[in-house]
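Asker: My questions will all concern the structure given below.
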Amino acid sequence: MVSVDSLGNRRTLRKPNNEALDEALYIWFCQQREQGVPLSGVTLQAIAIKFNEELKGDPTFAASVGWLSRWKNRHGIRELGVSGEILSGDNVASEDFKTKFEKFISDEDLMPCQIFNADETGLNYKMLTKKTLASKLDSVAKGHKEKKERVTLLPCSNASGDLKFPLLVIGKSAKPRAFKNVNMSALPAQYTSQKSAWMNGNIFKNWFFETFVPTTKTFLKQKKLPEKAVLFIDNAPCHPSENELRDGEIYVKFLPPNVTSLIQPMDQSVIETTKRLYRKKLIMFLLEQQETNPLVNFMDLLKKVTIKTVLYLAAEAWEGVKPETLQKKLEGCAEVEANDIFEWINGDTDVGHQVLSDDEIVNACIENIEIEVDSSEDEDDGTDQSTGPTHGEATAMLEQLMTYFEKQSETTSAELLTSRRLRHRTAKLRQYSLKQKNITEFFKS
C-alpha cells in the first residue's frame, strides 16, 4: 500500500524487503492517528521492531533511521504539529469553522450544488445482530460466530443532494470469482481492491481524477454553471495532500481535524442511514433466498453472499438515501427500528475507523491475507466455472419477464421499455452469434 504523496519526488519506489511488516506498521500508524495519538519516529521504530519479531522477520532488523525514512516516503508520511483536541468534537471550533466556511463560500461564489463531501466507512457486510428474540422455553440464546468480512465504502454527494456519485467499494481481492465475465462498468457501484480492503492514497487519487472530476464537470455543464467545485474531506492519513487533488477550479479542501465529527455531512447520519438500509436489504435478500431454498440453513445462505451481492445491496442502500437527508441532518429511515438494532447498525463503527489489535494487525498481514477470508471472495483462478445463459436463453427469459410485468399494476412504461430494449439487445447478439457460426462452418466445409 504505497501513498502518492512522494511520487513526485522519486522516479521509483523500491518494494520493501518485508511487505507484511511494511503493511502492519502502516495499519498501526493509521489507527493511532485516527485516534489522535501523536507519533514520533522513535515510536514507529519500536513498533516496527516488535512487529518484525512477531512476523518472524530478519533477526538483524533494527528499524534504522534510513529504513524509517524510506517507509515514510512510500506512504507519504509527513510531520505536522499537533493542533487542538483532535477527538473532542470542539463545539467552539465548530462554530468558528462555520463562520469561516460561510465566508469561504461567499468569497468563492459557490452554490450548494458545487459543494461536495466524501468520507470512507467500513462495512462488516455479513454481520448480523448480536441479540435475538427467544421463546420462554429457551434457557440460552444460541448464537453464531461473528462474521468479520469487511469492505470500505466511499459515499460522495453535493450539498444540494442532486448529484450522488456511485459508491466506491474497496474489497480485498483484485479479481473476485463473483465478477467472472461481468461487465464491471455496468455495475451500479465502482469496485477496486487493496489487500486489507482499506482506502489508500493511490485509490483516492485515482477516484478523484477519474470519477469525481469528469462527473462533476459534466454535471456543471448541464447546470450551465462555471467549472468550479470544492470537495471537503477529512485530513486522514489515507488521503493525498490538498495540492495533489486539484484540476483547475475543481479541488479538495481538508476539514479541521477537531470538528470533523461535528460538521462533516457524511458523519451527520448519512453513512448511518446507508448502513441501516444495507442491513435491511441484506436480511430481505437472505429471506428471498430461503424461500427458494427452504432446506438450506439461514447461516449457510449468509456464507454464500458474494462480493457482487454486497456491491448491489450497498448500491441500492445508497440509492435509497434521499436528497433531503443529504441536505440536512438525518431524519430518514424511520421504517427501521433504531432501538432494536442500534448495536447492530453501529457494530462496525470500529471497522470504519479501522481499529484492530496488534495481534490482529500481524495476522492480517501474514501472507497478505485478511482475518477470516471468505472463499466467495477468492481470486479468480482463470477457470470458467459458470458460462451463464446463452443469447437465445436470455432472450426467452426476458420475453417471459416482459409478459409477467405487463400484467402487474405497479409496472411503469419506462420499466417495460427498458425490458424491451434488453430483449432486443440479446436477440441481436443471438443473430450475430448465429451468423458468425454459419461463416465459421462454411469455411470449415
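The values are calculated or read from the model by the stated rules, or taken from the named source; none is laboratory data. Worth saying up front: this structure is predicted, and the values here are computed from it rather than measured. Methodologically, a virtual Cβ is constructed for each residue, glycine included, from the backbone with ideal geometry; neighbour enumeration extends over all protein chains shown. Side chains are part of the model used for accessible areas, which takes the heavy atoms of the whole protein and leaves out ligands, DNA and RNA. Shrake-Rupley method; radii C 1.70, N 1.55, O 1.52, S 1.80 Å.
Asker: Would you please name the residue that is farthest from Tyr26 (Cα to Cα), looking only at residues in segment 237-259 that are surrounded by 18 or more Cβ atoms within 10 Å (Cβ to Cβ) and in contact with a strand residue (DSSP E or B) (Cβ under 9 Å, 6 or more places away or on another chain)?
Answerer: Looking at the filtered set, the residue picked out is Ile250.
Asker: Select from segment 189-210 the residues that are part of a loop (DSSP other than H, G, I, E, B) and open to solvent by 60 Å² or more (accessible area, probe 1.4 Å) and list them in ascending order.
Answerer: Result: no residue meets the conditions.
Asker: Any chance you could count how many residues in segment 184-220 are polar (S, T, N, Q) and farther than 19 Å from Trp318 by Cβ?
Answerer: Count: 7.
Asker: Could you tell me which numbered condition Val213 fails, if it satisfies all but one of (1) within 23 Å of Gln327 (Cα to Cα); (2) among the β-branched types (Val, Ile, Thr); (3) open to solvent by 10 Å² or more (accessible area, probe 1.4 Å)?
Answerer: (3)
Asker: Scanning for something of a type in the set (A, V, I, L, M), over 22 Å from Gly320 (Cα atoms) and under 14 Å from the mean Cα position of the chain (by Cα), does segment 185-197 turn up at least one residue?
Answerer: Yes: one or more hits.
Asker: Quick test of your reading of the structure: Val2 fulfils all but one of (1) modelled with pLDDT of 70 or more; (2) open to solvent by 20 Å² or more (accessible area, probe 1.4 Å); (3) closer than 30 Å to Thr274 by Cβ; (4) of a type in the set (Val, Ile, Thr). Name the failing condition by number.
Answerer: Only one criterion in (1) modelled with pLDDT of 70 or more; (2) open to solvent by 20 Å² or more (accessible area, probe 1.4 Å); (3) closer than 30 Å to Thr274 by Cβ; (4) of a type in the set (Val, Ile, Thr) is unmet by Val2, namely (1).
Asker: Of everything in segment 158-181 that's of a type in the set (A, V, I, L, M) and farther than 16 Å from Ile203 by Cβ, which residue is surrounded by the most Cβ atoms within 10 Å (Cβ to Cβ)?
Answerer: Going through the qualifying residues, I end up with Leu163.
Asker: Shifting gears a bit: Could you list, in sequence order, the residues of segment 25-70 that are acidic (Asp, Glu) and within 26 Å of Asp234 (Cβ to Cβ)?
Answerer: Matches in segment 25-70: Glu34 only.
Asker: Out of all the residues in segment 228-236, is one or more part of a strand (DSSP E or B), modelled with pLDDT under 95 and open to solvent by 20 Å² or more (accessible area, probe 1.4 Å)?
Answerer: no
Asker: Give segment 283-314 a look and list any residue that's of a type in the set (S, T, N, Q), assigned to a loop (DSSP other than H, G, I, E, B) and surrounded by 12 or more Cβ atoms within 10 Å (Cβ to Cβ), or say none.
Answerer: Once the filter is applied, which keeps residues that are of a type in the set (S, T, N, Q), assigned to a loop (DSSP other than H, G, I, E, B) and surrounded by 12 or more Cβ atoms within 10 Å (Cβ to Cβ), segment 283-314 yields Asn293, Thr306.
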